[in-house]
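Down below is the structure, laid out as C-alpha cells.
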Amino acid sequence: MSPKALLLLLLTIPACWQLHAAAPDRGFVSRQPAASWEQALVTGNGIQGAMVYGVPDQETIILNHGRLYLPLHPPLPPPDTASRLPELRRLMAEEKFQQAAEQVVTIADQAGYGGKRWTDPFIPACDLTLSQPASGTTTAYQRSVDFASGVAAVEWHDDRGGFARRVFVSRADNVIALSLTGPGKGAVDCQLELSTRPAAGQGGWDAERMFQTGIKDTTAAAGGGFLTYRADFRRSWPGSLQGYEVTARVITTGGSTTTDGGSIHISGADEVVVLARIHPLTDAGHSRQPQTKAALAALPPDFNALLARHTAIHGPLFRRVRLDLGGNDDRSLSSEEVLEKSKVGQLSPALLEKVFDSGRYVILSSSGEVFPNLQGIWNGTWSPPWSADFTLNGNVQCALAADLSGNLAECLLPFFNYLEEHLPEFRTNARRLYGCRGIHVPSRASTHGLNNHFDATWPMTFWTAGAAWAARFYHDYAIYTGDREFLANRAVPFMKEAALFYEDFLIEGPDGKLLFSPSYSPENNPANNPSQACVNATMDAAAARELLINLVADCQSLGTDEEAVKRWQTMLAKLPPYQINADGAVKEWLTPALEDNYAHRHVSHLYPLFAGLPEEIAVDAPLQLAFRTALEKRMEIRRRENGGVMAFGLVQMGLAAAALRDSAMAYETVDWLTNNFWNANLVSTHNPGELFNTDICGGLPAVVLAMLVDSRPGHLDLLPALPKQWPRGCVEGVRCRGNIEVCSLRWSPDRVEATLRSGSTQTITVSLPGEPSPRRVDLPAGERIHLSIARTQP
C-alpha cells in the first residue's frame, strides 16, 4: 500500500477506536496507526531490528540488520595531503582558508575521487507484509511497546472479537519473532509475504534511484513452511557485502496453509508464529538459507517461551534505571494525548519520564553486536539522510552519552570493537593526510574507516578531534566500571595512539604555543570568513588537552610510560589557552583572526563541558563565566526559534549547562528536547517533526542524569543542576565515576535521601547545593550506604 493510500485509509478510521488496555508499566500505548515507517513501533536486539506500522488489515514489518550497508563507493586511500602540508599551512597562515580547502579537493580529484563520496548507506532488508481481513467494524485499536520486554504489539477488535500481533527481536536466539492470535480457535486468516518497496526517502533523498542503481536482482519464494528473500548488489569489491538473505519460518497451530508464488496463505489458524533471520552475504555464491532453515527449525515453536528467554536478558538491563518526576495519572495517557498535553514552557513530567525510558530502550535495542548509527538499528528507506551512517563529529557521541551514567556500560563495547577493527585504516588516515604516526578518526564512517567524505564546503579532513573524543569514552568506561584490565589493555593503548598523532601533527606557532593547522569546528564558519576551514578550533585544542590530561592520569595510575608522560606534560603546558572575546564569551577559534559566529546549531567549542566540569575550568571562575556566556549566546539564537533544529546540538548545550550548574538553562534544553523532537512512536527526530533519528535517545537521558548526579573519582555531586520545576522526585540506578552506583536518590523540598553502593572500598566526598562543604562518606565494597540529608536551599 502506498503512503498516500495508507493516509487516506487512516482518515476513515472510526472515532470509536478507543484504548481499552492500560499502558505498560514501562512503555506506552498509541491509539492511532502509523501512516509511515517513520512512525513505526521499533524493537531490536543490537544486531537485528523490526519496525511495525500499518492498519489492522494491512501491516508492514520492516526487517533490519545492523551490518546491512549498500556498497556505494569502493574505499580509497585518503588524499595525499601530507606531501602538500607545508603549502596548506602556508595558506592557513595567510588566512586563505578556502583556498586550502579547495586544494584538498584538487588533490583528491587528481587521485580519482570524482567528487564528493558519501559513506555506504544503511538499508532495510525487506518488508514482511501481513494482510489480515477484517470482519465488520474495527474498534478498540491500540499499538504499544513494552520497554521492559521489547514487545511491540498491535491489538484491535472486530465483530469476531479481539486480535493481537506481537513482535520482538530475541537477544537469546537472535531471531525476529512475530505472533498472530485471534479471539479463539480457528480465528486467524492471513497472507504473509517478504518483499521490498523503495519507500520515499526523508528530506528529498532519492530512494528509488538508490534501489535501482544498487540492486542487481531480488528473489522471493514460499514453500515448506518458509518464506525466503534474497537481494544481490550491483556493486561489490573485496571485503564488501555482495547481497543478503532473509529466511522466515512460518508456524501455524491449526488451520490450513497454501502457497502462491512468494506468499503463504493461512486459513482458520489458532495462532501463527513467524521466526525470521537476516544474513548479510560477503560471498554471494554461498547461500546461508539451508543452514538458517535448520537453525530456525531447531527453535521451539512457542512464542511465549522464546519471549521468556529474551526477556530474561533484556529486562534486567532496561530496568537498571528508573526516573520518577511525578508523572502520576498522566502516565496512563496515550502517547498522542501526553504529547498534546505537554507544551514548551509547560513540560509534562509524564512525557519526560516516558521519553527518558524510551530513549534508553532505543539505545539498548540498537546496541549489541553493533552500536547505534544515525537511525539506531532501523530504517525504512533505501536512501536515508546522511547515509544513516556513523557520524563521529557529534551524533554518535550523543547517542552513546548516557551509556555509562545510564547503567548500560556494555552498550559501549561494540563502539570500542568497531574502533579497534578499523585501527589500520585510522593509521592510514593519519599517515596520508598529515604524515603522522598514530590515528586519525574521520567525521563519517560506515563500512570502513578511511577518510573519504569531504568537499570544499565541508573540509572534514581538517577535523582532528575524532580520536581524542573516542578516547574520552575509553577513559570514562574504565573509570565508571573500575575495570583495570580494560584500562591497561584497551583504553590506554588507544589513547596512546591518539596522542601519538598530536606529537607529530602539532607545530609551534609564532607565540610559542602549539598550533592546530589545519583545523575545523564542525560545521561552523567564523563571522568574518565564509570558509569552515580554519586554524586553532577550540574543540580541537580542548579534545587534545582532555586526552593528554586523562592519559597522564591513567599511565600514572598504572605506573607505566614515565618518559611519555613527561612528553605529554610538556605538550599540555604548550597548548593554546582558552580565549575570551569582547562579549565575554569563550571563543570558538583560538586566534584573533577569526570572529565568533553565534547563529549556528553546533556548539563544538563547549566540548570541555560535554562530560562534566574539568578541573581547569572548575577552579577558574572567570573562565566558567566565559563558558556560560558562550552558552547563553547560543541559547539566545535557539530561543528565537523555539529550540530550533538539530536536536543533538541542544543535547550538547544541556550537558554544558548542567556542567556549569546552570539549572535554568539545562531545564530549558530539556523542555525543547522533550516537547519538539518525538513522534507518537516515542522515537526521536533530528528536527521538529521530521527525519527519523535516534541521537537524542541517548542524549536526553544523559542531560537529565547530569542534572541529577555528577561525579569524578572520589567525589559525587547530588542534584548539581536541579531545576525548580522538579521540586521532588526519584532516580534509581545511576552509575558514577569511581565504580559507584547511586542505587536510589530521592529528594523533596526538605530532604535528600541517597543510597550508594561502591564496587571497591573507598572514602569519597559528597556535595549538595546549599551545603557549606562536602561531607566524607565511607563506602565498604558491595555494601549499600544510606544518606539522609536535610536540604538547605542555595
Is one or more of the residues making up the range 276-283 farther than 30 Å from D232 by Cβ and either touching a Pro at 6+ places or on another chain (Cβ under 7 Å) or part of a loop (DSSP other than H, G, I, E, B) (or both)? no
Which of the residues that make up the range 11-36 are under 30 Å from R67 (Cα atoms) and either at pLDDT below 95 or part of a loop (DSSP other than H, G, I, E, B) (or both)? R26, P33, A34, A35, S36
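Every residue, every condition in (1) in contact with an Asp or Glu (Cβ under 7 Å, 6 or more places away or on another chain); (2) open to solvent by 30 Å² or more (accessible area, probe 1.4 Å); (3) among the basic types (K, R), yes or no:
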{"residue": "L691", "(1), (2), (3)": "no, no, no"}
{"residue": "V703", "(1), (2), (3)": "no, no, no"}
{"residue": "L708", "(1), (2), (3)": "no, no, no"}
{"residue": "W726", "(1), (2), (3)": "no, no, no"}
{"residue": "E732", "(1), (2), (3)": "no, yes, no"}
{"residue": "C736", "(1), (2), (3)": "no, no, no"}
{"residue": "C743", "(1), (2), (3)": "yes, no, no"}
{"residue": "T755", "(1), (2), (3)": "no, no, no"}
Please give the number of the condition S684 fails out of (1) small (G, A, S); (2) within 22 Å of S335 (Cα to Cα); (3) open to solvent by 10 Å² or more (accessible area, probe 1.4 Å). (3)
Find the helices (runs of 4 or more DSSP H) located wholly in the range 526-622 whose residues include 1 or more that are at positive phi and more than 30 Å from the chain's Cα centre (by Cα), and list them. none
Give the number of residues within the range 584-617 that are among the acidic types (D, E) and either over 21 Å from V535 (Cα atoms) or in contact with a strand residue (DSSP E or B) (Cβ under 6 Å, 6 or more places away or on another chain) (or both). 2
What number of residues in the range 381-393 are under 13 Å from the mean Cα position of the chain (by Cα) and assigned to a loop (DSSP other than H, G, I, E, B)? 3
Looking at (1) within 30 Å of A220 (Cβ to Cβ); (2) touching a residue at least 60 places away in the same chain (Cβ under 8 Å), which is the one condition that is false for A101? (1)
Evaluate the range 450-468: report whether one residue or more is part of a helix (DSSP H, G or I) and closer than 20 Å to R712 by Cα. yes
Within the range 639-661, is there a residue that is open to solvent by 10 Å² or more (accessible area, probe 1.4 Å), farther than 16 Å from R601 by Cα and either among the β-branched types (V, I, T) or not in a helix (DSSP H, G or I) (or both)? yes
I need a count of the residues in the range 560-592 that are over 18 Å from T629 (Cα atoms), open to solvent by less than 60 Å² (accessible area, probe 1.4 Å) and hydroxyl-bearing (S, T, Y). 2
Filter the range 767-794 for residues that are over 16 Å from R728 (Cβ atoms) and in contact (Cβ under 8 Å) with a residue 40 or more places away in the chain; the one that is most open to solvent (accessible area, probe 1.4 Å) is R784
Condition first: of a type in the set (G, A, S) and open to solvent by less than 10 Å² (accessible area, probe 1.4 Å). Now tell me which residues in the range 154-193 satisfy that. S170, A177, S179
Among the residues of the range 723-749, how many are within 16 Å of T792 (Cβ to Cβ) and either in contact with a helix residue (DSSP H, G or I) (Cβ under 6 Å, 6 or more places away or on another chain) or modelled with pLDDT under 95 (or both)? 0
Leading residue by the ranking (most open to solvent (accessible area, probe 1.4 Å)) among those in the range 116-129 that are touching a strand residue (DSSP E or B) at 6+ places or on another chain (Cβ under 9 Å) and part of a loop (DSSP other than H, G, I, E, B): W118
For the range 358-366, state whether one or more residues are part of a helix (DSSP H, G or I), more than 18 Å from I47 (Cα to Cα) and touching a residue at least 40 places away in the same chain (Cβ under 8 Å). yes
Step by step: first the residues of the range 76-115, then only those that are in contact with a Lys or Arg (Cβ under 9 Å, 6 or more places away or on another chain) and over 24 Å from C534 (Cβ atoms), then the one that is most open to solvent (accessible area, probe 1.4 Å). Which residue is that? P77
When you go through (1) among the β-branched types (V, I, T); (2) within 14 Å of the chain's Cα centre (by Cα); (3) not in a helix (DSSP H, G or I) one by one for V396, which number turns out not to apply? (3)
Which numbered condition P510 fails, given (1) over 23 Å from L423 (Cβ atoms); (2) at pLDDT 95 or above; (3) open to solvent by 10 Å² or more (accessible area, probe 1.4 Å): (2)
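The values are calculated or read from the model by the stated rules, or taken from the named source; none is laboratory data. This one's a predicted model, so the numbers in the text were calculated from it and none came from an experiment. For neighbour counting, all protein chains shown are included, and Cβ atoms are generated from backbone atoms with ideal geometry for every residue, glycine included. What goes into the accessible areas is simple: the full protein's heavy atoms, side chains included, and nothing from ligands, DNA or RNA. Shrake-Rupley method; radii C 1.70, N 1.55, O 1.52, S 1.80 Å.
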